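Remarks on the structure that follows.
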Amino acid sequence: MMMRPDGGPIAKSCYEQECGVRCEQVLLHKLHKANKKMKIKEGPMHRSNILSVNLTEEFYSELTKSYIEGNLTGNSTGGFKINYFLNQSLNFLTVFMLLVTMVSLGCTMEISKIKKHLLKPKGVAIALVAQFCIMPVTAFSLAKILQMDSIKAVTVLICGCCPGGNLSNIFSLALKGDMNLSIVMTTCSSIVALGMMPLLLFALCQGFSGIENAVPYVGITTTLVLTLIPCSVGILINYYKPKYAPVVTKTGLVVLLLCTILVSILSGMAVKSVIWMIFMPDVVAVAALLPLIGFALGYVMSAVCQLDPQWCRTISMETGCQNIQLCTAILKVAFPPEVIGPMFLFPLIYIMFQCAEALVLTLCFRCYQIVKTPAEGTGPYQCVNIKQEEVKGNC
């Protein structure tokens, strides 16, 4: 609301009131029309929207309020639209990136190693508890503490409830973790997410008014099922044609990198007028704190359970590293652009902080190892052994 020089509020003019009413009518019409359209056309891949979004009246009201305030302050984000061709291109690329990621992940899995960890499931069980307890609860807590609006809260909760991503395998290797455990954990979390992700979202969304029925649970489940197919293809390639598995993995990484660059450019073009929304202080704070808390609590939980330090580092990475490709696909594909707006880019902000923090932790670990190794080599027992060898040499 505008203020007078003496600090008192200025009453809205008739023009502003009329604009507010018109904005509300336009937004409600567009959102009701989009919701109705998506309910009628419930194809599994219709306009890549994997099934319908059921928005409540409270959700409509909050979006309308944001829309009206944006128009009156000159920072309008309401009526957010993306060019049809650009929108379809982004939908295709996000789904394609997800498929490539899951095929590459499948090619790194070996059935014998999976069996070995499943026969001794302590590490995997603790990792799953950390993944589906620490991250969702942290996401919920941050959204509540920062008093996020409905759209931001849904985005953060979806990101927090996603399974572990394949970046955890890379950082586990950098931290000298157990690669076999990391790969098995990523596989198991992707499978368990089929039931846990919709369940967690349903439970946590009850804490935010207006979004209890706004999450496309069926669409998310469908997306998760579709991710298991390319993952299974990758496992079969590694099992029947193991010599092709490294080629597929390397090719997948190159394709994924190129697609990421392309998606970033197209997304920037699509949301250039409202891109400031994803750099709001609360959004940036969540993107920075969520992975960091995941890394820290994942390690603490593993240490409390008296796991090997190598396993602790692996579970730490697995907990903090989310499947960003899956999160992006759900946000971009399962929600209409009018609803999610530029917040479908939140995973890109998250992955920047996730990688930066993981790299800092890796650097700290490597420095610790460099400092620790000479210190261990100059212990009293080693000095005695060196002197004994010198005496024997003189003799």
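The values are calculated or read from the model by the stated rules, or taken from the named source; none is laboratory data. In this text the structure is predicted, and so the values were computed from the model without any measurement. Positions of Cβ are backbone-derived with ideal geometry, glycine not excepted, and every protein chain shown enters the neighbour counts. Just the protein is used for accessible areas: all its heavy atoms, side chains included, with ligands, DNA and RNA removed. Shrake-Rupley method; radii C 1.70, N 1.55, O 1.52, S 1.80 Å.
In the stretch 142-264, carbon and sulfur make up what percent of the accessible area (probe 1.4 Å)?
Heavy-atom surface of the stretch 142-264 belonging to carbon and sulfur, 1.4 Å probe: 74 percent.
Output the pairs from Lys176/Lys372; Lys152/Lys332; Lys122/Lys241; Lys113/Lys241 with a Cα-Cα distance over 24 Å in this structure; if there are none, say none.
Check vs 24 Å cut-off fails for Lys122/Lys241.
Can you list residues from other chains, or at least 5 along the same chain, whose modelled amide H is less than 5 Å from the amide H of Gln322?
Correct list: Gly165.
Can you work out the accessible area per residue across the stretch 184-252, with the rest of the protein chains kept in place, probe 1.4 Å, in square angstrom?
Heavy-atom SASA per residue in the stretch 184-252 reads 45 Å².
If packing is taken as the mean number of other Cβ atoms within 10 Å per residue, what is the order of 265-273, 101-109, highest first?
Packing proxy ranking, top to bottom: 101-109, 265-273.
What is the distance, in nm, between label points placed 7 Å from the Cα along the Cα-to-Cβ direction at Ala203 and at Val284?
3.4 nm
Work out, step by step, the length gained on full extension between Ile261 and Val304: first 0.36 nm times the residue separation, then minus their alpha carbon distance; give nm to one decimal.
Numbers: separation 43, 0.36 × 43 = 15.48 nm, distance 4.03 nm.
Result: 11.5 nm gained on full extension.
Could you tell me the distance between the Cα centroids of the stretch 98-164 and the stretch 241-271, to the nearest Å?
If you average the Cα positions of each part, the centres end up 21 Å apart.
Can you tell me the FRET efficiency between Gln147 and Ser273 if r is taken as the Cβ-Cβ distance and R0 is 22 Å, rounded to the nearest 0.05?
0.30
Could you go through the stretch 157-167 in sequence order and give the Karplus-derived ³J(HN,Hα) for each residue, using 6.51 cos²θ - 1.76 cosθ + 1.60 with θ = phi - 60°, rounded to whole Hz, and x for Gly and Pro?
5, 5, 5, x, 8, 5, x, x, x, 6, 5
Would you list Phe202, Phe335, Phe365 from the most to the least accessible area, probe 1.4 Å?
Result of the area sort, largest leading: Phe202, Phe365, Phe335.
How do Val218, Val339 stack up against each other in accessible area, from largest to smallest, with a 1.4 angstrom probe? Could you put the intermediate results ahead of the total?
Values: Val218 95, Val339 5 Å².
Greatest to least solvent exposure: Val218, Val339.
For the stretch 82-124, which whole percent of the accessible surface, found with a 1.4 angstrom probe, sits on carbon and sulfur atoms?
72 percent
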